[in-house]
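To start, the structure under review is shown below, and the notes come after it.
Just so it is clear, none of the values below were taken in a lab; they were calculated from the coordinates. Remember, predicted model here, so these are calculated numbers, not experimental data. All Cβ positions, glycine included, derive from the backbone under ideal geometry; neighbour counts span all protein chains shown.
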Amino acid sequence: MAIGMGKMFGFHFLENFDYPYISKSVSEFWRRWHISLGTWLRDYVYFPMGGSRVKTKSRLVFNLFVVWLLTGLWHGANWTYIVWGLMYFILITFEKLTGFEQKGKKLEPLKHIYTMAFVMAGWVIFRARDLSAAGEYFLALSGLAGSSFLDGEFFLHFKQNLIFLLACALFSAPIISFLKERFTPRSKTADVLVAAGFIFFLTVAVSYLIKGTYNPFIYFNF
């Protein structure tokens, strides 16, 4: 939204998210997710502490610990954010110490599944009211909360949001960039169709906001 509003006033803001959900490692996910925050912490915390160019692995681990503890605290004053940040500290430390990203090129589909599994688990912790509520979510997701893994409520929500879920899955990949590369130069007719498409999606987004229930800003508890 900030990029779009900036263009309306003649400003160009850099992209802050670069299709993070196509990542094949947790480290890559965080190079693509919230780029401005990651860049700031890298330039003003990680690099001044020595970054990865340190003499011992213990110092590297300490540097990563500080960065991810601060990342959690930056998001809010709640234990859920701290645990969420420390989870990423453990994962990224593991990947750096083992050279995870340089290994297993033929196993990229499995690496993608591994990455998304931890990212989704992280979002449960991030959005939960507290750690107890996060535990309840994980039990429900595992089918251990007194109901089956796929019950009637699941299928009800799945049917109600099927189109929305498909659109999210589709546009989390660089589909638009792919189409731009294949269909250039654009004609005036193409520009009109693109504008019509944006208006359609804007209308759909506004309709979801209007019919949605109360949804407070998640950083109010900081």
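Assorted remarks:
- Nitroxide proxy distance, nm - points 7 Å out along Cα→Cβ at Met5 and Val83: 3.4
- Pairwise FRET efficiency - Ile199 versus Phe118, Cβ, R0 = 45 Å, nearest 0.05: 0.75
- Violating pairs (Cα-Cα greater than 24 angstrom) within the set Lys24/Lys96; Lys57/Lys103; Lys24/Lys159: Lys24/Lys159
- Label sites at Phe47 and Phe155, each approximated as a point 7 angstrom past Cα along Cα to Cβ, lie 5.5 nm apart.
- The base-10 log of I(q)/I(0) for the range 161-206, evaluated at q = 0.16, 0.21, 0.25, 0.30 Å⁻¹, reads -0.55, -0.87, -1.04, -1.11 [Debye formula, identical scatterers on Cα atoms, solvent excluded].
- The mean of 1/r over all distinct Cα pairs in the chain, once inverted, gives the Kirkwood hydrodynamic radius of 20.7 Å.
- One way to sum up the overall shape of the range 41-110 is the equivalent ellipsoid from its Cα gyration tensor, whose semi-axes run 23, 18, 10 Å, largest first.
- Cβ-Cβ distance of Ala169 and Thr98, R₀ of 25 Å, FRET efficiency by 1/(1 + (r/R0)^6): the value works out to about 0.25.
- Solvent-free Debye scattering, log10 I(q)/I(0), computed from the Cα coordinates of the range 1-126 at q = 0.10 Å⁻¹: -0.36
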